Amino acid sequence: MRTNYRVNSGVQFRMLSDDQLEELFNGVLHILEYVGLEVKHERAREVLKKAGAWVDGDRVRLPSYMVKDALAKAPRSFTIYARDGNPEHDIHIGPGRAHFGPGPTCVNFIDVETMERRPYQLSDVPYVAKVVDSLPNIDFCESLGSVDNVPYDLSALYEFVEMFRHTTKPIVAWSFDYYDSNAIHQIAVEEAGGQDAFEKRPTYIHYCEPLSPLISTTDSLNKLVFAAEKRIPLIFTPCPLAGGTAPVTPAGIIIQAAAESWMGLTIAQNIQPGNPFIMGGVLSVMDMSAMILSYGAPELSLMMAGITELAHYAGLPLWQTGGCTDSKTFDEQAITEGSLSVFFSALTGGDLCHDVGYTESAMTGSVFQLTAMDEAIGYARRITRGIEVNEDTLAVDAIKRVGPNGHYLKDEHTLRYYKSEYWLPNLIDRTSYEDWTLMGEKSFKDRTIARVQKMLAEYEQVPLKPETEKLIGKVLAEAEEWVKQQED
Amino acid sequence: MSEILSTISTLVIEGNFGEMVDKTNAALEEGLGAEEILNNGLMPGMDHVGVEFKAGNMFVPEVLRSAKAMQEAMEIIRPMLIESDAPTAGKVVLGTVKGDLHDIGKNLVGMMCEGAGFEIIDLGKDVEPEAFVNAVKEHKPNILGMSALLTTTMRTMERTIKALEEAGVRDTVKVMIGGAPVTQDFASQIGADGYAANAASASEMAKRFAG
């Protein structure tokens, strides 16, 4: 028995003080109360007005008690489940748990066979889902692209179907609007065994994106209202550009992004109190020469750490960002930017870190970047897991046994711990020069490509239920009809 | 060259829009013509800014302040230029397409084109195909520029080009498109005349099209 003994489980990382966080928190409340947002959704405005908001045309301002009430209603911890009941694929969101996965909607994809950059095709979705399913440090699935070769309005629906078929890991599903959100939900509900079963064990998260600065767009709120009504866990994540669509200072962009996300939170919690809500967004700088939102800038990691700390201070999980790069090719820049942001994200304990595998500033998705980052995440996770200190790990007995001038190689203490204390690399090479030569002088890049090919070759599908496949056929056929009607 | 013209160039380069109105009026009082102020004061300044931006010595916030300085002077001299029938670079109608509320890129293109001497008719964001058609009919621009940031709204560009065809005015303008998800392939596919990857190349393309 110990008294007043403190244990640090993992690495301690903290950037902002309580005072600074309180100041940011009050800054967000101030924006929502005195500036307000444009809420381009009649139903949402009605819900907010009824709950005490000031509504003037599209402009909605929230008294701070409404925001605090919404924060109190939203859970900090909840679980997103694997569709096949495999507990190893469940995601338990809560303090000190960082999870990782790809991002959505890149225009291009690095072809898995030719390694060439080209438009993202429907046949690419299974590749991404299979790689996600196989990688030990990738926890949730997004598709790394917008499907180019199906009817435009249905690309998110087709994408979901292919992800759902090819991984049992939880999915973060983006969509255009109400129609495809509803179609996606029908499919997930069928697999879960009904709406009630889905609510108890949700298998996907619904992704919505408001617009910076300070606009809750109609389509983002159509989706948010739908998710809240169906009790689907949801992400509401703006993508402000520091210096462009948000203040250039980290503190400024953080409070603006939080205000944008918390408007969604307040709407959702008034429709469905207690619905799991994951705060956004993606914060980075607009490069003032190239005019792109930088996905490899140190400011991205810094700002994301700040908003993660604010989210946790307010009692919400955060949609983190990392493992991405501005590089156009699979090179040193891609690995440096991706690895550093992954490590920083892991340190913050940001709850779901997405965009792993983004290259070319989010224009091109790459399973090679994703696979390389799986290694970086494993590396980072070993460090963030920290050092366990107890009687057994102190190893005084082992030290006594071995004594001066001995060795620990065959000691039972070594045998007992080496697998759990060591991180075993998959891609990083530590062989001797001679062995490395014998194995063909392969680079990290060569080994990453080989690993992707091996995973794809060895992948075993856990099929969806036959009734779900039947429903998918029906839903897609109806959707194709719907698109035709839209065009007429 | 007169000292006041060199001062005007410097104001453009420094992005000092606060003093531009005074200096432009001073130049006019000295008896300089609007065309001379444009060609020997404002344009050399903007040309310098363009070169420095390309070289990575100036950045977008500075370029925008320079464009704003140029705008201040243009407000004063544009009516005179029109009256004197001085040759201008041409007219550009700009807008972010329907469904898209992202307009920062489009605004940049507008400012860069204005810096290159074009008259800009900015239709704003979330612009319907019909509104583009009407603007083309009304203003008879040399160039129509459309932008979209979202993959979801890119298609509206194609609809707009079709609407121009249906209205019989497609051949009267060069259509330029841009925005993060837009590519040269997409531009060719929907029958646009040009695709520009950024604001600086958009203004260069506009000059080529209008020239």
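Quick look at the values:
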| quantity | calculated |
| --- | --- |
| Checking A:Thr245 against (1) at pLDDT below 95; (2) under 17 Å from A:Phe176 (Cβ atoms), the condition it does not meet | (2) |
| First in the range A:427-453 and touching a residue at least 40 places away in the same chain (Cβ under 8 Å), second anywhere and surrounded by 10 or more Cβ atoms within 10 Å (Cβ to Cβ) and of a type in the set (Asp, Glu), Cβ under 6 Å, 6 or more apart | A:Leu427/A:Glu375 |
| Candidates B:Thr153, B:Thr160, filtered to the one that is crowded, with 20+ Cβ neighbours inside 10 Å, among the polar types (S, T, N, Q) and within 13 Å of chain A (Cβ to nearest Cβ) | B:Thr153 |
| Flag if A:Gln485 is outside any loop (DSSP other than H, G, I, E, B) and over 26 Å from the mean Cα position of the chain (by Cα) | yes |
| Members of the range B:35-59 that are touching a residue at least 60 places away in the same chain (Cβ under 8 Å) and within 14 Å of another protein chain (Cβ to nearest Cβ) | B:Val49, B:Gly50, B:Phe53, B:Lys54 |
| Residue list for the range A:54-65, filter: closer than 18 Å to A:Ile215 by Cβ, part of a loop (DSSP other than H, G, I, E, B) and without any contact (Cβ under 8 Å) to a residue 60 or more places away in the chain | A:Gly57, A:Asp58 |
| Selection count where residues are in a helix (DSSP H, G or I) and either more than 20 Å from the chain's Cα centre (by Cα) or over 16 Å from B:His139 (Cβ atoms) (or both), scope the range B:171-186 | 4 |
| Subset of the range A:163-207 [at pLDDT 95 or above, more than 25 Å from A:Gln320 (Cβ to Cβ) and of a type in the set (D, E, K, R)] | A:Arg165, A:Asp180, A:Glu190, A:Glu191, A:Asp196, A:Glu199, A:Lys200 |
| Filter result (within 14 Å of another protein chain (Cβ to nearest Cβ) and surrounded by 24 or more Cβ atoms within 10 Å (Cβ to Cβ)) within the range A:294-320 | A:Tyr295 |
| Among residues of the range A:214-235, those that are more than 12 Å from chain B (Cβ to nearest Cβ), assigned to a loop (DSSP other than H, G, I, E, B) and in contact (Cβ under 8 Å) with a residue 60 or more places away in the chain, counted | 1 |
| So A:Ile307, is it in contact (Cβ under 8 Å) with a residue 60 or more places away in the chain and out of contact with any Cys (no Cβ under 8 Å at 6 or more places or on another chain) | no |
| Some residue of the range A:249-256 being more than 14 Å from chain B (Cβ to nearest Cβ), surrounded by 22 or more Cβ atoms within 10 Å (Cβ to Cβ) and part of a loop (DSSP other than H, G, I, E, B) | no |
| Looking only at the range B:73-117, and only at residues there that are part of a helix (DSSP H, G or I) and among the charged types (D, E, K, R), the one that is nearest to A:Ser289 (Cα to Cα) | B:Lys106 |
| Single residue of B:Ser2, B:Ser66, B:Ser6 found to be polar (S, T, N, Q), buried (at least 20 other Cβ atoms within 10 Å of the Cβ) and farther than 24 Å from B:Ala135 by Cα | B:Ser66 |
| Condition check for B:Glu62: part of a helix (DSSP H, G or I), within 14 Å of chain A (Cβ to nearest Cβ) and under 20 Å from B:Asn107 (Cβ atoms) | yes |
| Residue within the range A:434-453 that is crowded, with 16+ Cβ neighbours inside 10 Å and in a loop (DSSP other than H, G, I, E, B) present | no |
| In the range A:154-213, the residues that are part of a helix (DSSP H, G or I), within 21 Å of the chain's Cα centre (by Cα), away from chain B (no Cβ under 14 Å) and among the polar types (S, T, N, Q) | none |
| Matching residues, the range A:83-134, being in contact with a Phe, Trp or Tyr (Cβ under 9 Å, 6 or more places away or on another chain), part of a loop (DSSP other than H, G, I, E, B), more than 14 Å from chain B (Cβ to nearest Cβ) and within 17 Å of A:Val356 (Cβ to Cβ) | A:Gly101, A:Pro102, A:Val112 |
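The values are calculated or read from the model by the stated rules, or taken from the named source; none is laboratory data. Everything quoted here is computed from the prediction, not taken from an experiment. Positions of Cβ are generated from backbone atoms using ideal geometry, with glycine treated the same way; all protein chains shown enter the neighbour counts.
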